[in-house]
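Here it is: the structure, laid out below.
Values in this text are rule-based calculations from the coordinates and carry no lab data. Every value quoted in this text rests on a predicted model; they were computed, and no experiment measured them. Glycine also receives a Cβ, built like all others from the backbone with ideal geometry; neighbour counts cover every protein chain displayed.
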Amino acid sequence: VDCYVGHSGHSYSLIISPSLPLLVLVVLAASPQRSSLIHNICSIVDIKDMVLPRCIRTLLYLGLIDHCLAKSNSFGRPAASFLPDIRGGLVADIDILDHEAEISDEALLEQELERCNGVIIDPHLHLAPWFNAIDNPAEVLLEELAANNITYGMLYDPYAKVDGHVFPYDVNTKTASIAEASQGRIFSLASLNTTHENWEEHREFEMDRLRRGLEHPCVLGTKLAPPHTCLPLEGPIMDDIMQVVSESSKKVLAIHIGTTPFCGPMGKLFGVKCNCAEECVNPALLVPKIEKHPDVTFLLLHSGHEFLPSGSEFNYDFKFVDVCIGMAKKYPHVYLSLSAMFAQDPDGTLRYPGGAEIVRKMKEAGVT
């Protein structure tokens with residue numbers, strides 16, 4: 001798998017091998033047409049001697065492909081029940097280019113499309129609030145994907161806690177329905193509402209919500225956003241979630257790890273109640289569950305990146321990045337995602353600096 005990603009002057013090239021313990025997802029915006037919905041792109045190309053269904057190509061970012069490629073040779077694990085058993089030799093090599101090199105968006109996009117045979121995947125899509133007012137959201141999203149040269153997308157949202165606001169739709173139903181109407185171009189992840197004051201009162205309903213969500217054919221796993229939903233990474237709620245995930249046929253858990261801009265002024269602006277205390281953002285708290293469930297693929301979204309400025313109450317000076325890297329190095333079923341780290345403001349300024357240093361740390365640690 002040759003994964004080339006770039007964002008304006010920032011470019012990286014990775015070639016992943018089954019002899020390596022971790023598939024690092026590098027997702028950056030490469031299109032010259034900026035999008036409010038689409039902010040991460042990973043291009044997958046050159047899958048030699050393999051015939052991959054469209055859904056499998058989309059799964060590369062999630063770590064689901066680990067059952068078919070990276071792990072089938074390295075760790076001898078069988079394919080997941082809903083994925084074909086694909087085996088193949090891949091080249092092990094890492095080359096990080098000068099992230100300060102000058103290259104235009106247009107030139108980078110042209111190079112990217114050539115390298116990936118025209119197939120670009122955006123693995124981290126969220127719904128904008130105004131999408132609910134659209135009669136044909138799948139068609140609109142597909143148009144935006146096409147306008148940004150994106151072939152496949154992954155769509156998901158958490159059940160966030162918003163002051164004085166009730167979502168006019170069920171998140172799982174909405175995202176799955178858009179995926180279903182996309183004709184195989186969009187897939188989704190299921191979630192559940194963990195913001196209830198009394199979890200025991202709502203426990204059975206929410207666990208059933210997640211179970212039903214995972215049964216949808218367009219849903220490929222579970223998504224959690226602990227800081228956005230004030231979900232402690234330890235405790236009975238996470239225990240219940242792990243029970244559902246481990247008993248399902250789609251044993252993939254994608255978890256937002258690290259802080260969020262919504263723990264700052266943005267959260268107050270939109271009335272979103274968040275918790276960026278360590279109980280909701282420290283990945284080390286997941287270790288007991290990771291060790292208990294070796295058959296579950298854990299994807300640590302954002303890899304502990306800092307989304308709040310230095311000096312903020314909940315800025316941890318990137319210490320959770322080091323924890324994530326250590327976990328991915330130790331546990332073969334833990335994967336890292338770099339989504340949103342290279343997001344830009346309209347003037348080209350990196351919104352959340354530090355991504356290039358994180359990539360270098362991963363390379364130095366051999367977590368590739």
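With each label point set 7 Å from Cα along the Cα-Cβ vector, what nm distance links Q243 and V287?
Label at Q243, label at V287, 2.6 nm between them.
If you don't mind, another one. On each of the three principal axes of the Cα atoms of the stretch 227-362, give max minus min coordinate, whole Å, ordered largest first.
46, 35, 24
May I have the extent of the alpha carbons of the stretch 152-255 along their three principal axes, as whole Å values ordered from largest to smallest?
39, 34, 21
If each residue of separation counts as 0.36 nm, what is the full-extension length gain between S104 and E357 once their alpha-carbon separation is subtracted?
Length difference between fully extended and current span is 88.9 nm.
Of K251/K363; K268/K292; K268/K329, which pairs sit farther than 32 Å apart, going by alpha carbon to alpha carbon?
Result: K268/K292; K268/K329 exceed 32 Å.
Figure the gain on full extension for N117 and S310 (residue separation times 0.36 nm, minus the Cα-Cα span) and round it to one decimal in nm.
That works out to 65.4 nm of additional length.
In the stretch 280-368, which trypsin sites (Lys or Arg not before Pro) fall in coil by DSSP and have 16 or fewer other Cβ atoms within 10 Å?
R351
Take every Cα-Cα pair in the stretch 225-294 and report what % of them are more than 16 Å apart.
Tail fraction, whole percent: 50.
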